[in-house]
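Here is the structure we will look at.
The values are calculated or read from the model by the stated rules, or taken from the named source; none is laboratory data. None of the values given here were measured: they were computed from a predicted structure. Here the Cβ positions follow ideal geometry from the backbone for every residue, glycine too, while neighbour counts run over all protein chains shown. Protein only, heavy atoms only, side chains kept; ligands, DNA and RNA dropped before computing areas. Shrake-Rupley method; radii C 1.70, N 1.55, O 1.52, S 1.80 Å.
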Amino acid sequence: MNVTPLIPATDGVSTALNAWFVANARDLPWRRDGFGAWGILVSEFMLQQTPVNRVIPRLEEWLARWPTPAALAAVPPSEAVRAWSSLGYPRRALWLHAAAVQITELHGGIVPSDIDELLALTGIGDYTARAVAAFAYGHRHPVVDTNTRRVIARAIAGAGEPSPPNRGRDLDAMNLLLPQSVQEAALFNAAIMELGAVVCTSRSPHCDVCPIRNACAWRAADYPEYTGAHKTVQKKFAGSDRQVRGLIMAELRSTHRSVTDAEINTLWPDPAQLQRALASLVADGLAIPVRDGYTLPD
DNA sequence: AAGCCGTGGCA
DNA sequence: TTGCCAAGGCT
């Protein structure tokens, strides 16, 4: 039987955003025709909490060297960690390598298109699973990242910032906006993210050039200040364990031989903090204890 | 479930 | 200068 899809009241928003996106989308590598599901997957890993401009060079090197999951799976994880370079959060390199092994062994080397199969891969959570299904395979799923949440909070809810992430509520809100058409839906998932990334930005949004400013609830309410719960503030980086971990990882990446305890001891003045950072890297599988020092995981 | 996990650009 | 924050995920 034929069911007429409900047309959401906000249909104009998705139409306007898609038109704007078609005309204004940045020319990014993963938007090129035929970029492939593996490239999309690698880009999504790298883009987790890392800006586009820092990702692009590492991504292109990565795909030139490992054009398939099987190619990455065939080298030791240490090579993935080295190629990750200073992108940050090096556990992602380990997880991406593990995912490549799983794709090779469990999926015949083909990146899955099913959200549950994607979620079962190491390092893939709700956002990345949906992003791969939507962007690599064109499936109609709501994809919700921090940009999308901010645009919805402002344009639809009339708040200056999104409230803390809530999976069910966020997916419901995006579902109300998502066009019925599979092709328009795929476009819209990218369009709303792009708007949040380049126009409806966190700090100084460019409302003067926003394609949906006339439909924006936040603007209509004259930009009220956000009053909800605030996101937990990041601890200071200088002097943190994260900084010490970063120093140790840079040292491990810099050579193919093991790094001695004596060399590691020169990296940080506080021995207790150094040992704590080292222990956490070992727990993460990023540093492996050897005879008189440490190496990357081979 | 709140805290942890890198790095660097920008206002 | 310093704090904010960036296509999250894991425990």
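With (1) part of a helix (DSSP H, G or I); (2) surrounded by fewer than 22 Cβ atoms within 10 Å (Cβ to Cβ); (3) out of contact with any Cys (no Cβ under 8 Å at 6 or more places or on another chain) as the list, and residue A:128 as the residue in question, which single condition is left unmet?
(2)
Among the residues of the range A:200-216, what is the count of those that are part of a loop (DSSP other than H, G, I, E, B) and surrounded by fewer than 20 Cβ atoms within 10 Å (Cβ to Cβ)? Walk me through how you get there before you give the answer.
Filtering the range A:200-216 for residues part of a loop (DSSP other than H, G, I, E, B) gives A:200-206, A:210-212, A:216.
From what's left, surrounded by fewer than 20 Cβ atoms within 10 Å (Cβ to Cβ): A:201-204, A:206, A:211.
Number satisfying all stated conditions: 6.
Scan the range A:91-129 for residues that are closer than 14 Å to residue A:48 by Cα and away from DNA strand C (no atom under 11 Å from the Cβ) and report the count.
Final tally of qualifying residues: 1.
Being open to solvent by less than 30 Å² (accessible area, probe 1.4 Å) and touching a residue at least 24 places away in the same chain (Cβ under 8 Å) is the filter; apply it to the range A:53-65 and report the residue that is farthest from the chain's Cα centre (by Cα).
Quick first cut of the range A:53-65, residues open to solvent by less than 30 Å² (accessible area, probe 1.4 Å) only: A:55, A:59, A:62.
In the following step, the residues that additionally are touching a residue at least 24 places away in the same chain (Cβ under 8 Å) were identified as A:55, A:59.
Details: A:55: 10, A:59: 13 Å.
Ranking the qualifying residues of the range A:53-65, first place goes to A:59.
Can you confirm whether residue A:32 is among the basic types (Lys, Arg), touching a residue at least 12 places away in the same chain (Cβ under 8 Å), in the same structural domain as residue A:179 (by TED's automatic domain parsing) and open to solvent by 40 Å² or more (accessible area, probe 1.4 Å)?
No: the conditions fail for residue A:32.
If I filter the range A:234-241 for residues that are within 7 Å of DNA strand B (Cβ to nearest atom) and of a type in the set (Ser, Thr, Tyr), do I get at least one hit?
Yes; the residues of the range A:234-241 include at least one that is within 7 Å of DNA strand B (Cβ to nearest atom) and of a type in the set (Ser, Thr, Tyr).
Quick one: would you say residue A:39 is more than 11 Å from DNA strand C (Cβ to nearest atom) and at positive phi? Can you show your working first?
Working: more than 11 Å from DNA strand C (Cβ to nearest atom): yes; at positive phi: no.
No; evaluated as a whole, the condition is false for this residue.
Just one of (1) in contact (Cβ under 8 Å) with a residue 60 or more places away in the chain; (2) open to solvent by 30 Å² or more (accessible area, probe 1.4 Å); (3) farther than 30 Å from residue A:80 by Cβ trips up residue A:195, so point out which.
The one condition residue A:195 does not meet is (2).
Does the range A:75-85 contain at least one residue that is touching a helix residue (DSSP H, G or I) at 6+ places or on another chain (Cβ under 6 Å), within 30 Å of residue A:155 (Cα to Cα) and open to solvent by less than 30 Å² (accessible area, probe 1.4 Å)?
no
Per-residue answers, yes or no, for (1) out of contact with any Gly (no Cβ under 8 Å at 6 or more places or on another chain); (2) within 18 Å of residue A:197 (Cα to Cα); (3) of a type in the set (Asp, Glu):
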| position | (1), (2), (3) |
| --- | --- |
| A:124 | yes, no, no |
| A:154 | no, yes, no |
| A:159 | no, yes, no |
| A:162 | yes, yes, no |
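For the range A:169-196, enumerate the residues that are more than 19 Å from residue A:157 (Cβ to Cβ) and touching a Leu at 6+ places or on another chain (Cβ under 7 Å).
Passing the criteria: only A:185.
Can you name the number of the only condition in (1) away from DNA strand B (no atom under 16 Å from the Cβ); (2) closer than 17 Å to residue A:162 by Cβ; (3) at pLDDT 95 or above that residue A:201 fails?
Just one mismatch for residue A:201, condition (1).
Could you grab the pairs with beta carbons closer than 8 Å, sequence gap of 6+ or different chains, first residue in the range A:244-259 and outside the structural domain of residue A:84 (by TED's automatic domain parsing) and within 17 Å of residue A:274 (Cβ to Cβ), second one near DNA strand B (Cβ under 8 Å from one of its atoms) and among the polar types (S, T, N, Q)?
A:245/A:280; A:250/A:86
Is one or more of the residues making up the range A:149-158 farther than 17 Å from residue A:13 by Cα and surrounded by fewer than 22 Cβ atoms within 10 Å (Cβ to Cβ)?
Within the range A:149-158, none of the residues are farther than 17 Å from residue A:13 by Cα and surrounded by fewer than 22 Cβ atoms within 10 Å (Cβ to Cβ).
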